[in-house]
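Working notes, structure below.
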Amino acid sequence: MPPPAPPRRRPAPAAAGGAGSWDSARVLLALAVLYGALSLLAYRVIHMRHVAPLGADAPPGEFAEGRVLRHLHRLAVDIPGRQEGSPGLEAAAQYIKGELEGLAARAGPEYRIEVEETLVSGSFSMMFLRHRVTLGYRNHKNIVMRISSNVSEDDDPSLLVNGHFDSPLGSPGAADCGSCVASMLELSRLIIDSGWVPPRPVIFLFNGAEELFLLGSHGFIKTHTWNSSIGAFINIEASGSGGTDLVCQSGPGSWPSRVYAQTAKYPMANSVAQDMFGIIPGDTDYRIFAEDITNIPGLDIIFVLGGYFYHTSYDTLENLFPGSIQARGENLFHLVKAFTNSMSLKENETSNKAAKDGIEDSRAVFFDYLTWFMVFYSRDVSLILHSLPIAIFFLVPLFLKFPNITLMSWSITLLDLIRGMLLHAFGVILAIFIPAGAAALRLLFTKNAMNWFAHPYLAFFMFVPASLVGLLLPRSIWGLSEQTHFWGSFGLYSVITMAYMLAGLSGGFLTFFISMSMLLGQFISSIIKRQWNQQSPKSLVAYVVPMIPCLLYCIYYGGFLIQFLIEKMGMMGSLPKPYGYFVPDIIVGAVVGLVVGWCFGPLAPVATRWLSKTSILQGLLQITVVALAISSQLFPYSTGAPKRVVLQHTYVTDANDVVDSNYGFSVVDANSLEFLFNNAPEAAKWLKDNSELSFEEKYRSDRSSWVALYPVPFLFSGSLKFQAQTDEIRKHYHNFPQLHVQKTWSNNGQRRVHLNLSLGSLSEIWTAVLNVTGPLSNWSFADNMLPAPQTVSGGPPSYICRLSGKSDVDWSFWLEANSSESLRIDVAVLDQYLVDSTKKLKSLFPSWADLTAFTTFFSTYYL
């Protein structure tokens with residue numbers, strides 16, 4: 001009998017830090033380096049660091065940012081302010097007109113140059129910030145220039161280039177929109193000095209009343225003799241200090257975006273921007289030209305980064321992004337050439353045929369690849385392309401089971417892949433909810449929201465590791481093969497692509513790009529795996545390298561979205577406590593998670609094998625906890641990322657007497673006025689005569705006290721007001737706004753009251769607002785058409801009209817009532833003059849708080 005065989009020895013377990021852990025560490029480090037390098041490249045592109053600005057001494061045949069800055073210095077530095085009601089607005093108009101007349105004087109005989117100064121007046125109703133407002137305006141100044149050949153006719157179809165030279169309250173308006181009109185001055189010079197004679201006329205509209213709700217463009221398109229010849233337009237705007245000059249809106253039809261895709265030197269556009277544009281509070285002149293008044297095809301091109309300074313006193317020359325204006329100018333010159341040579345412009349002479357022909361193609365898909373080139377395809381092509389991934393997903397079970405294909409095997413395999421899809425979807429959901437939850441949890445233990453606002457890098461350290469944990473966690477808990485996980489994630493991106501298409505939206509290009517790049521990476525990886533061990537990190541390299549172009553675009557697109565979102569959170573409005581305090585942090589955390597879902601999600605099926613180890617997940621969570629702790633010690637604001645504060649000094653008047661005076665404060669982000677005054681102790685003490693400032697209910701004010709800014713106060717919550725002196729204003733103004741009844745007409749229960757609004761001796765008026773409540777049945781504004789009533793602070797239905805323009809002449813109008821019940825009219829006149837005490841109060845706030853301060857004269861009448 002043979003002796004028993006000795007027992008087989010089991011291999012010793014790998015020590016901690018053995019080969020598996022070392023491979024995981026190498027993979028994590030390599031991916032961190034890769035994503036870091038791609039992020040650095042995307043950052044430089046987003047901030048236009050790759051565009052070298054030309055100086056003022058550049059050749060005359062080139063667009064030069066240096067020459068634009070010379071114009072801008074005159075408009076935003078030498079001229080103290082370009083607000084409606086201020087002397088600077090007229091000074092800016094005369095400077096622009098003088099520069100254009102100088103160009104016309106030295107243009108060659110082959111050009112026909114016409115320069116006009118026009119005054120526009122009118123009245124209309126519109127929706128703004130989701131509220132109805134009626135506008136009445138008079139004598140707003142536009143400067144218009146038409147450049148054409150000496151053989152052109154007045155009715156030749158033309159291209160309109162529009163920008164506004166007025167600036168918002170309290171802002172120098174260097175970017176918004178001094179940069180626009182300065183670029184237009186340089187562009188008009190370039191057309192003449194380059195010797196290029198446009199084959200069709202180019203009209204430059206320098207409009208002087210955009211900030212007052214698009215009045216300058218409305219007046220031009222309704223009254224100017226050249227308006228019927230416009231076949232296309234380019235509107236340039238700024239909601240930030242530079243960066244990508246994004247095409248935010250395009251249409252009607254796809255022709256304008258197609259011209260842009262074929263022409264722009266530094267293309268910056270994606271079709272998803274138009275889907276999202278309505279989310280951001282605000283609007284542009286694009287709306288007047290392409291939607292509300294006419295349907296002219298055009299482009300809305302906007303500086304969108306540097307939003308920290310938008311509508312603040314920090315919108316200065318020094319805060320512009322170098323290279324941004326250069327890229328904008330070169331793009332504009334190419335676009336002007338392309339539009340004026342386009343046959344579609346020529347066909348557009350009378351009926352906007354291009355818009356009508358292209359309306360079915362209005363959802364064309366387009367996007368730029370890091371401003372290097374543009375991808376554009378029609379809606380019909382997208383129906384085919386964007387259906388491919390989902391078709392491939394349903395064919396994959398046949399490929400995996402080949403040659404043993406049966407209906408049962410196909411069904412079982414498809415169900416397995418759907419399980420992988422659901423698991424990956426769950427990972428993406430966790431990637432969104434974990435950082436959002438971490439953001440909310442942090443706010444339970446700290447006193448400040450939005451700590452990442454002045455430190456955007458914090459958002460990445462706080463939320464990216466937590467998002468990665470969410471992506472990696474499901475597979476580490478539930479066993480799933482790499483093959484099932486890969487095809488399941490591919491299926492998820494395919495389904496999202498199809499959902500976008502069926503919804504008629506244009507964002508499916510991103511998930512389409514991801515899914516097709518995953519196929520390419522899987523194909524190359526499968527070839528390489530035949531030579532290398534499937535468990536080796538080298539197989540991951542074979543998958544990742546072909547995906548680098550897709551990953552770079554995802555980081556570029558996602559990084560831009562996060563930076564834009566962070567900047568805009570400073571002006572998106574404040575929501576009531578207690579939940580409003582959490583909203584911005586939760587939104588930013590969730591969006592970072594979403595971006596991680598498309599930036600790292602395509603790698604997760606292959607990389608999870610190395611990265612789902614407990615030690616790595618714990619390390620990522622530790623980074624999150626440390627970043628959350630550090631963020632709680634940092635202040636949310638700085639002079640580079642100021643907090644917006646609104647200060648209204650209100651005088652309540654009765655005839656020519658001041659009966660009350662108060663300071664009103666409001667903010668437009670999540671950190672309340674209590675936060676503001678706790679961190680501005682000097683201002684707080686001054687308001688309460690060196691006693692502790694109270695936030696009792698008696699100091700609260702509702703939106704009705706802010707009607708001079710209507711409808712902007714719908715972004716406010718938790719406003720406060722404090723008593724102020726009543727007599728100081730008498731040193732500057734002797735007569736206050738008053739409403740007088742001229743005559744009353746009655747017939748069969750109807751009565752019409754003719755009124756006269758005198759604005760007194762006020763000299764820096766921005767706007768006057770009428771808030772009418774009661775049995776109003778008609779009025780003389782907006783072509784005698786009464787809009788739908790609005791409700792302010794839970795009060796009775798209101799009809800609100802904003803009046804702007806020349807203030808030394810009274811406003812005359814009539815109101816009609818259909819009963820004997822009294823009409824109530826609240827009159828709020830916003831004037832930019834500040835008494836010395838208000839200036840003193842404003843100066844007591846720290847530099848990180850940017851105050852927009854003004855004076856309102858409020859009175860009430862019963863008729």
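I need a count of the residues in region 415-473 that are more than 25 Å from the chain's Cα centre (by Cα) and aromatic (Phe, Trp, Tyr).
2
Please verify whether region 483-495 includes one or more residues that are outside the structural domain of PHE303 (by the TED database) and open to solvent by 50 Å² or more (accessible area, probe 1.4 Å).
Yes; the residues of region 483-495 include at least one that is outside the structural domain of PHE303 (by the TED database) and open to solvent by 50 Å² or more (accessible area, probe 1.4 Å).
What is the number of the single condition among (1) open to solvent by 20 Å² or more (accessible area, probe 1.4 Å); (2) more than 14 Å from ILE800 (Cα to Cα); (3) hydroxyl-bearing (Ser, Thr, Tyr); (4) at pLDDT below 95 that SER758 does not meet?
Exception for SER758: condition (4).
Only one of GLU90, GLU101, GLU110, GLU62 is free of Cβ contacts under 8 Å to residues at least 40 places away in the same chain and open to solvent by 40 Å² or more (accessible area, probe 1.4 Å). Can you tell me which?
None of the other options fit; the residue is GLU101.
Here are VAL68, VAL27, VAL45: which of them is assigned to a helix (DSSP H, G or I), among the β-branched types (Val, Ile, Thr) and closer than 25 Å to GLY208 by Cβ?
VAL68
Kindly list the number of the only condition in (1) among the aliphatic types (A, V, I, L, M); (2) open to solvent by 20 Å² or more (accessible area, probe 1.4 Å); (3) closer than 14 Å to SER837 by Cβ that fails for VAL712.
Evaluating VAL712 over (1) among the aliphatic types (A, V, I, L, M); (2) open to solvent by 20 Å² or more (accessible area, probe 1.4 Å); (3) closer than 14 Å to SER837 by Cβ leaves (3) as the failure.
Determine which member of the set LEU628, LEU611 is touching a Leu at 6+ places or on another chain (Cβ under 6 Å), touching a residue at least 40 places away in the same chain (Cβ under 8 Å) and buried (at least 20 other Cβ atoms within 10 Å of the Cβ).
LEU611
Here is a check on your reading of the model: is SER574 among the polar types (S, T, N, Q) and part of a helix (DSSP H, G or I)?
no
Kindly provide the set of residues from region 376-404 that are in a helix (DSSP H, G or I), without any contact (Cβ under 8 Å) to a residue 40 or more places away in the chain and open to solvent by 70 Å² or more (accessible area, probe 1.4 Å), ordered by number.
ASP380, ILE384, PHE394, LEU395, PHE399, LYS401
Could you say which residue among PHE426, PHE402, PHE394, PHE445 is in the same structural domain as MET516 (by the TED database), in contact with a Pro (Cβ under 7 Å, 6 or more places away or on another chain) and among the aromatic types (Phe, Trp, Tyr)?
PHE426
Give PRO474, PRO465, PRO546 a once-over and let me know the one that is of a type outside the set (Phe, Trp, Tyr) and open to solvent by 20 Å² or more (accessible area, probe 1.4 Å).
One residue alone meets the criteria, PRO546.
Could you say whether any residue in region 727-736 is touching a strand residue (DSSP E or B) at 6+ places or on another chain (Cβ under 6 Å), open to solvent by 10 Å² or more (accessible area, probe 1.4 Å) and touching a residue at least 12 places away in the same chain (Cβ under 8 Å)?
No, region 727-736 has no match at all.
Among the numbered conditions (1) open to solvent by 10 Å² or more (accessible area, probe 1.4 Å); (2) in a helix (DSSP H, G or I), tell me where HIS311 comes up short.
Of everything listed in (1) open to solvent by 10 Å² or more (accessible area, probe 1.4 Å); (2) in a helix (DSSP H, G or I), HIS311 misses just condition (2).
Can you pull out every residue in region 833-856 that is in contact with a Ser or Thr (Cβ under 6 Å, 6 or more places away or on another chain) and assigned to a strand (DSSP E or B)?
ASP850, THR856, listed by residue number.
This table checks each residue for (1) open to solvent by 30 Å² or more (accessible area, probe 1.4 Å); (2) out of contact with any Cys (no Cβ under 7 Å at 6 or more places or on another chain); (3) not basic (Lys, Arg).
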site	(1), (2), (3)
GLY573	no, yes, yes
ILE586	yes, yes, yes
GLY593	no, yes, yes
CYS599	no, no, yes
VAL606	no, yes, yes
SER615	yes, yes, yes
GLN618	yes, yes, yes
PRO636	no, yes, yes
HIS649	no, yes, yes
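Checking ALA627 against (1) outside any strand (DSSP E or B); (2) touching a Phe, Trp or Tyr at 6+ places or on another chain (Cβ under 9 Å); (3) under 28 Å from GLU567 (Cα atoms); (4) in the same structural domain as ALA849 (by the TED database), only one condition comes out false. Which one?
For ALA627, the failing item is (4).
Being open to solvent by less than 10 Å² (accessible area, probe 1.4 Å) and either more than 18 Å from ARG328 (Cα to Cα) or touching an Asp or Glu at 6+ places or on another chain (Cβ under 6 Å) (or both): is that true of GLY208 here?
Yes: the conditions hold for GLY208.
Residue-by-condition table, conditions (1) without any contact (Cβ under 8 Å) to a residue 60 or more places away in the chain; (2) touching a helix residue (DSSP H, G or I) at 6+ places or on another chain (Cβ under 8 Å); (3) part of a strand (DSSP E or B):
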| position | (1), (2), (3) |
| --- | --- |
| GLY122 | no, yes, yes |
| ILE143 | no, yes, yes |
| SER148 | yes, no, yes |
| VAL161 | no, yes, yes |
| PRO168 | no, yes, no |
| ALA175 | no, yes, no |
| SER179 | no, yes, no |
| LEU187 | no, yes, no |
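Need the failing condition index for SER672 against (1) at pLDDT 95 or above; (2) more than 21 Å from the chain's Cα centre (by Cα), just the number.
(1)
Could you run through region 754-772 and say how many residues are under 34 Å from the mean Cα position of the chain (by Cα) and under 16 Å from VAL707 (Cβ atoms)?
The qualifying residues number 8.
Per-residue answers, yes or no, for (1) on the phi > 0 side of the Ramachandran plot; (2) without any contact (Cβ under 8 Å) to a residue 40 or more places away in the chain; (3) touching a helix residue (DSSP H, G or I) at 6+ places or on another chain (Cβ under 9 Å):
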site	(1), (2), (3)
ALA768	no, no, yes
ASN784	yes, yes, no
PRO797	no, yes, no
LYS806	no, no, no
PHE813	no, no, no
ARG824	no, no, no
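VAL365 versus (1) of a type in the set (Val, Ile, Thr); (2) outside the structural domain of ILE301 (by the TED database); (3) under 30 Å from LYS265 (Cβ atoms): which is the lone unmet condition?
Going through the list (1) of a type in the set (Val, Ile, Thr); (2) outside the structural domain of ILE301 (by the TED database); (3) under 30 Å from LYS265 (Cβ atoms), VAL365 breaks only (2).
Any idea how many residues of region 549-571 are part of a loop (DSSP other than H, G, I, E, B) and either open to solvent by 30 Å² or more (accessible area, probe 1.4 Å) or in contact with a strand residue (DSSP E or B) (Cβ under 9 Å, 6 or more places away or on another chain) (or both)?
The total comes to 2.
Check LEU423, LEU407 and return the single one that is open to solvent by 10 Å² or more (accessible area, probe 1.4 Å), aliphatic (A, V, I, L, M) and in contact (Cβ under 8 Å) with a residue 40 or more places away in the chain.
After ruling out the rest, the residue left standing is LEU423.
Give SER820, SER798 a once-over and let me know the one that is open to solvent by less than 30 Å² (accessible area, probe 1.4 Å) and small (Gly, Ala, Ser).
So the residue among SER820, SER798 that is open to solvent by less than 30 Å² (accessible area, probe 1.4 Å) and small (Gly, Ala, Ser) is SER798.
Determine whether ILE429 is over 15 Å from TRP487 (Cβ atoms) and part of a helix (DSSP H, G or I).
yes
The values are calculated or read from the model by the stated rules, or taken from the named source; none is laboratory data. Just so you know, these numbers come straight off a predicted model, no measurement behind them. Every residue, glycine among them, receives a Cβ derived from its backbone with ideal geometry; neighbour counts consider all protein chains shown. With ligands, DNA and RNA removed, areas are computed over all heavy atoms of the protein, side chains included. Shrake-Rupley method; radii C 1.70, N 1.55, O 1.52, S 1.80 Å.
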